[in-house]
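What follows is a short report on a single structure.
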Amino acid sequence: MPSSVPTRPRRRPTGRIALNIVLDGVVSASAAPIARFLAEPYGGLLHPLWFIAGGAITLFVSGLPFRVPQQYWRFSGLADLVGIAGASVASALLFAIGLRLTGYPLPSPTFPVIHALVLLCGLGAVRMATRLAARWRQQGSGAYTRVLLLGSDLGADLFMRAIERDSLQRYQVMGLLTEASGQTGRRIHNTPILGTIDDCAGLLARWRGPLPQEIVLTDPDLRGAALSRVFEAAQEHGVSVKRTPSLTSLQPAARVELRPIALEDLLNRPQVPLDLDGMARLIGERVVLVTGAGGTIGSELVRQIASLGPSLLLLLDHGEFALWQIDLELSESYPEVARQVIVADIRDQARMEAVFEHYRPALVFHAAALKHVPIVEANPCEGILTNVIGTRIVADAAARHGAQAMVLISSDKAVNPSSLMGASKRCAEIYCQALDKQSRRQGDGGLLCVTVRFGNVLGSTGSVVPLFQRQLANGGPLTITHPDMTRYFMTVPEAVGLVLQASVRGTAHRESADETDVRLRDGGIFVLDMGEPVRILDLARQMIRLAGLRPEEDIAIRVTGLRPGEKLFEELFHGREAPVPTDAAGLRIATPRTVDLDAAATSLDRLRDACRRGDVARALEILHLLVPEFEHNPEGKVQKAWISANL
């Protein structure tokens with residue numbers, strides 16, 4: 001049906017092109033006699049008069065192949081300069097040929113060269129004047145923001161070119177701080193390079209005149225400790241810190257929108273190359289089940305798995321709302337991926353057996369768990385039944401119904417656990433280790449259980465980052481449990497990408513003599529490379545600075561004391577576990593103590609019965625037998641051993 005609103009046909013900018021031709025004609029008409037005078041000063045200036053018309057005509061003809069009439073003078077750049085240089089040379093040669101054909105002698109042998117140079121100077125000058133006039137009008141049309149650029153010289157160049165073209169955002173670049181010390185004293189677009197990134201604090205301290213209002217980061221890779229130092233210096237002087245858009249967004253017609261610094265930028269984590277081809281081979285055209293699909297890790301697993309083209313994606317969770325959210329997102333992002341939403345409790349053995357029998361998934365990613373340490377401490381039997389018995393039910397069902405592999409999402413809290421949550425995850429690791437070890441050694445194509453252990457992820461449900469964000473929104477204070485507490489952090493997409501990387505590596509080369517495969521056959525567990533631990537107090541201060549506020553002045557930080565089961569320092573490896581790198585980027589492997597499968601099954605039977613009776617004392621006794629390193633800290637006391645071990 002035709003629209004009722006008439007559309008106006010696009011008109012070619014013939015008026016602007018005609019004006020360009022007229023102005024260029026005036027310049028070229030003047031250039032011919034000027035060049036003649038320079039080549040032969042005593043030969044006269046305007047003789048013969050057709051020099052004027054000839055100069056204009058030859059430039060018009062020569063400029064057509066170089067698209068000189070279509071140039072947008074306000075945005076003239078290097079490409080336009082090359083165009084007018086080519087047109088100038090061609091016009092001078094054509095004019096000289098015309099003189100020869102008409103029998104008029106060249107004023108001098110160098111006349112064509114002089115003519116080309118005069119044309120180039122004249123045409124370039126009018127374009128430069130137009131560009132400068134536009135900049136002066138823009139700078140004089142209102143207030144501007146004083147900025148100090150910090151980062152790469154390429155990014156600074158693109159940013160300054162972009163703001164010159166953006167009539168809505170006005171910035172005055174006061175100076176640049178680059179990454180190389182040898183650049184100090186040089187200039188980019190007539191803006192001085194004042195030093196290096198490390199000079200930022202000292203430069204602001206001795207700055208004369210009005211300080212920059214914003215520090216703009218032009219390097220997308222500037223993060224971690226260096227970025228933290230910049231933040232601290234900027235905070236001290238009341239200067240905000242922002243980041244430029246991506247290089248592809250700094251286009252001539254785009255508006256320059258600076259972005260706030262993300263918390264992830266402070267982690268200083270380099271990008272790990274992922275085996276995307278291996279992931280596609282593992283997951284493509286297969287039925288994949290994700291338990292805990294509505295949680296932070298589970299939902300990101302679902303997103304990344306959906307992008308790899310499974311034949312059917314099963315989303316299992318006991319929470320209806322969380323399932324609805326991720327299912328709705330998938331329907332919009334990956335409508336072509338077949339999926340099934342399954343409401344189920346992993347502790348319900350009959351229900352899980354029915355699910356596996358009906359769908360027969362080839363791969364199972366087990367992310368369902370109770371993870372909040374104080375809540376599991378307050379509900380010990382529920383935590384054990386979910387984290388230990390639920391994991392066993394899923395693993396046994398996967399093994400009975402022909403699944404190729406199950407991936408267990410574990411936690412750094414399973415190492416030397418002080419909480420019931422950590423001890424329960426270690427028990428889950430022990431059972432999956434035993435299943436996996438038996439399958440690998442028998443080599444009968446049974447279920448492989450790949451265990452992946454990692455620390456905290458930014459923004460996960462119940463973690464410290466959303467808590468700090470909520471407290472900031474309420475005006476503070478931010479609460480930490482101990483000033484010396486540290487944790488390992490990584491982003492959710494990064495953690496899940498490495499989980500998939502571990503899945504690929506853990507299901508390959510089963511009979512290989514490679515050290516990684518040997519350790520896997522001995523009960524090895526993949527541990528994500530989490531980098532260096534982050535002090536929670538420093539994290540709180542950084543989040544306050546990211547909000548444009550000052551720690552302890554605008555927002556207070558209050559110490560509340562350790563919570564039940566909490567440790568000061570989390571560990572990724574047991575004291576007797578040697579962290580060994582693998583041949584897969586971002587992954588290390590540990591070989592913790594293993595338990596025979598029959599013995600583990602018997603202990604888990606007793607643990608299940610004790611929890612179902614509500615016998616917490618007996619359940620804790622069995623936990624201590626399975627996990628001898630479990631030192632329960634139900635009252636949240638600071639242990640001297642923690643401090644001495646981490647000094």
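All of the numbers you see were taken from the coordinates with simple rules; none came from a lab. Just so it is clear, the model here is predicted, and its values are computed rather than measured. Methodologically, a virtual Cβ is constructed for each residue, glycine included, from the backbone with ideal geometry; neighbour enumeration extends over all protein chains shown.
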Could you line up Trp324, Trp207 from fewest to most neighbouring Cβ atoms inside 10 Å?
Trp324, Trp207
Counting only the backbone N, which residues of segment 182-204 are under 18 Å from the spot 7 Å out from the Cα of Arg161 toward its beta-carbon?
187-191
At most 11 other Cβ atoms within 10 Å and a DSSP loop assignment: could you name the GluC sites (Glu not before Pro) in segment 438-543 that fit?
Glu511
Order of Arg127, Arg441 from fewest to most other C-beta atoms within 10 Å?
Arg441, Arg127
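For Phe569 and Ala473, compute 0.36 nm times the residue count separating them, minus their Cα-Cα distance, and round to one decimal in nm.
31.8 nm
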Placed amide H near Ala405: partners under 5 Å, 5+ positions off or other chain:
Val364, Leu448
Pop out the ³J(HN,Hα) list for segment 191-200 in order, Karplus 6.51 cos²θ - 1.76 cosθ + 1.60 with θ = phi - 60°, rounded to Hz; leave Gly and Pro as x.
9, x, 8, 8, x, 10, 4, 5, 8, 4
Whole-Hz Karplus ³J(HN,Hα) for segment 408-424, in order, using 6.51 cos²θ - 1.76 cosθ + 1.60 and θ = phi - 60°, x for Gly and Pro?
9, 8, 10, 9, 5, 5, 7, 8, 6, x, 10, 10, 5, 4, x, 5, 5
Are there trypsin sites (Lys or Arg not before Pro) in segment 172-246 that DSSP puts in a loop and that have at most 13 other Cβ atoms within 10 Å, and which ones?
Arg186, Arg206, Arg208
If you build the Cα gyration tensor of segment 398-547 and take the root of 5 times each eigenvalue, what three semi-axes come out, in whole angstrom, biggest first?
37, 14, 13
A correct Karplus calculation of ³J(HN,Hα) over segment 22-36, with 6.51 cos²θ - 1.76 cosθ + 1.60, θ = phi - 60°, whole Hz and x for Gly and Pro, returns 5, 5, 5, x, 4, 4, 5, 5, 6, 5, 5, x, 5, 5, 5
Given H placed on each backbone N at 1.01 Å, which residues far from Ile589 in sequence or on other chains put an amide H within less than 5 Å of it?
Val527, Val580, Thr582
Whose amide H sits under 5 Å from the amide H of Leu312, counting only residues 5 or more places off or on another chain, with H placed in the peptide plane?
Arg286, Val287, Val288
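With +1 on each Lys and Arg Cβ and -1 on each Asp and Glu Cβ, how big is the dipole of segment 304-414 about its Cα centre, in debye rounded to the nearest 20? Walk me through the numbers on the way to the answer.
Values: 8 positive and 14 negative charges, 74 e Å.
Value, rounded to 20: 360 debye.
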What are the radius of gyration and Dmax of segment 163-231, computed over its Cα atoms and given in Å?
12.8, 35
Fewest-first sequence of Asp221, Asp24 by Cβ atoms within 10 Å of each Cβ:
Asp221, Asp24
